[in-house]
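The values are calculated or read from the model by the stated rules, or taken from the named source; none is laboratory data. This one's a predicted model, so the numbers in the text were calculated from it and none came from an experiment. Cβ placement follows ideal geometry from the backbone for every residue including glycine, while neighbour counts extend to all protein chains displayed. Side chains are part of the model used for accessible areas, which takes the heavy atoms of the whole protein and leaves out ligands, DNA and RNA. Shrake-Rupley method; radii C 1.70, N 1.55, O 1.52, S 1.80 Å.
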Amino acid sequence: MTSTTATNIPPPLEATPAPYYSYWGDPGETPGVDVPTEEATAENTNDDSPMQCGTCTDIDDEEAKKYECAVCFEFMDTPVGCGSCQTRFCRPCLERVANQGGARPKCSHCRAPFTLESIQVDEALQEEMNNCMETVLCPFRGCGKRVPINAIKLHEAQCDHIKMKCKFNEWGCEWIGKKLDLEHHDNHECEFRNEMGRLVNTIREKTLNQTETIARLQGTRVNQMVNTHTRQLLMIRGRNAGNVFDVLAMSYEATCFPGRLAAAKDMWGNMIAHDHPRALVYNVLLVLPLFVCISKCSFWMAIDLSNMASQHIYRVGLYGMIQHFHVNIVASSAAGLAVFCMIADGGDATHWTEMHVQGTGISYPFLRDIVALGFYVCYFLFVDFMDYWPGIVLLLCTFSFTVTYSSCVAAILETVNGSEQGTLKKTRMWPSVVFALRYACLFQICWVRFEAVKGVIVLRLVKHLSLKHFKLNFTVEETECFLSVIPPSILVAFGAAVTALDHVAIGNGVVKDWSAAFYAWGTGAATLAFLNVFTHTLYLCGQGTGDAIYFEGTNLRNHSNERLQTYNLLPSQRPVYTGVVTFALALFYMIFMVAV
């Protein structure tokens, strides 16, 4: 058995009507003008010479003109108008004018604009033409038949005297003749009728096969591209705002390619389009550094255990081993308690659920404060796990990274979505995380722990005394958690108790004198005020960096104080170098914290 490959067979060639001027005469000749009888000669009255289209015998010229198209000057089949004038055209002629007229085609008679939808059929004239039994002479010389006006189009399509081109005209045959002579030409005269005709058909078959092969390959390539794009789109749309890796991928896109993010923000819609997923992204960015610190503690604890197994215990000492193990266990427990409270809260990413205390009418987000204290313990013990000054430096770096990078990404996403500013501060994790960072730094920087307590008492009393210029500059009220609800009377009582302890310490010689005691009050208050101002400054720096990155990525560097909806932006697909550096620093920080 032999297998054969199916070959596409193109449709057979067919003869086509010759151009209009080939049976009217020269292209410049005006149709519809008869040769006068007295001037007729054998030269201009032969069977192949042109004749007036639809020469009228039973109908006068004026009456015949209303049945003629104003474009092709032939009798109309379906009379239509542009809707603005009384001139009538063939439907194909007027539709051709509309299609070739660009965005605002104009009527060829009155020059009024019109559309394909505004073309109107003249029903009255159509009815008049259908009922008209007057006859006209066939326009093709040699026919001589008289045909009713309403049938002239049908007769012209079937008339044997119409001029035709050979079916091999585009391949080189120049014959043009009457339709009734076409069969004789095909069978006896055309030089393409035998071998040349088979060659032409072979070429046509190969050309058709190549065309279909190219179209099939192009279709396959397009399908592959569409499938790839669809998979990428599904992957992006399937990303979860609560997934750390998806959040990092989105923050990379926001900081390095803000223009691309703005152009394709619908693809990231499930992460940034609404308040809840966007707040979840901010929460992940705020909490991520804490778990990096815990990972670092666990990493070093694993190293210590491996050293002990390798009989290198004297490198850190037994006491150091016990201390590291104790710190790691306590920090991990505090982090686990915080995570448990976050899951148990059950609220969305923008606020904490307020719990009602029966019989008191009090509603308060207790879980928020437990999470804040858990985070505080983790950050505080992180410094104890390391040497003091390296721990303080790394804690301040963590503080800076957490606030600055989160506010930077928040500023970019706020601008991309055209939403209100400051949404980062309305998220669930902002008060807990910033509270833990500020007070961990405060209680570690102040060696004498009473200095930190004194600073908290001073600034809280200043706030309650309503000194607004201090409130704006030296407190971060939305992150004070339970401290914001302590009444002034309890603060005064705490202050009196601390003063009494100072009196005892002076009496025992622990504190030199009262000036040293009051100096401790000032030191604690100044340190906490500095940390509050530091927090506000980091937030503003992150916001400014985010705005600069976004407007550099969208070519609006001179309008960095305006928002997205004010301008028609042209996003840039190139990376923003400021954003690349920002993301690189953030990535370096996380790698450094875990590995070094």
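Couple of notes before you dig in:
- Search result, residues across the stretch 342-356 that are out of contact with any helix residue (DSSP H, G or I) (no Cβ under 9 Å at 6 or more places or on another chain) and either among the β-branched types (V, I, T) or assigned to a helix (DSSP H, G or I) (or both): I343
- Some residue of the stretch 85-103 being in a loop (DSSP other than H, G, I, E, B), open to solvent by less than 40 Å² (accessible area, probe 1.4 Å), in contact with a helix residue (DSSP H, G or I) (Cβ under 9 Å, 6 or more places away or on another chain) and not acidic (D, E): no
- Test result for I59, surrounded by 15 or more Cβ atoms within 10 Å (Cβ to Cβ), farther than 19 Å from H161 by Cα and at pLDDT below 80: yes
- One residue stands out in the stretch 406-426 among those that are open to solvent by 10 Å² or more (accessible area, probe 1.4 Å) and hydroxyl-bearing (S, T, Y): the one that is nearest to C481 (Cα to Cα), namely T423.
- Lone qualifier among V383, V377, V393 - being open to solvent by less than 10 Å² (accessible area, probe 1.4 Å), of a type in the set (V, I, T) and in a helix (DSSP H, G or I): V383
- Unique match (being of a type in the set (V, I, T), open to solvent by 50 Å² or more (accessible area, probe 1.4 Å) and either over 30 Å from E68 (Cα atoms) or not in a loop (DSSP other than H, G, I, E, B) (or both)) among I152, I203: I203
- Put simply, of G259, G177 the only residue that is closer than 30 Å to V581 by Cα, surrounded by 13 or more Cβ atoms within 10 Å (Cβ to Cβ) and among the small types (G, A, S) is G259.
- Test: residue in the stretch 123-130 that is under 44 Å from the mean Cα position of the chain (by Cα), more than 17 Å from C72 (Cβ to Cβ) and among the aliphatic types (A, V, I, L, M): no
- When residues of the stretch 507-532 are limited to those that are open to solvent by 50 Å² or more (accessible area, probe 1.4 Å) and in a helix (DSSP H, G or I), the one modelled with the lowest pLDDT: G507
- Counting residues in the stretch 308-327 that are within 30 Å of A279 (Cβ to Cβ), part of a helix (DSSP H, G or I), open to solvent by less than 50 Å² (accessible area, probe 1.4 Å) and at pLDDT 75 or above gives zero.
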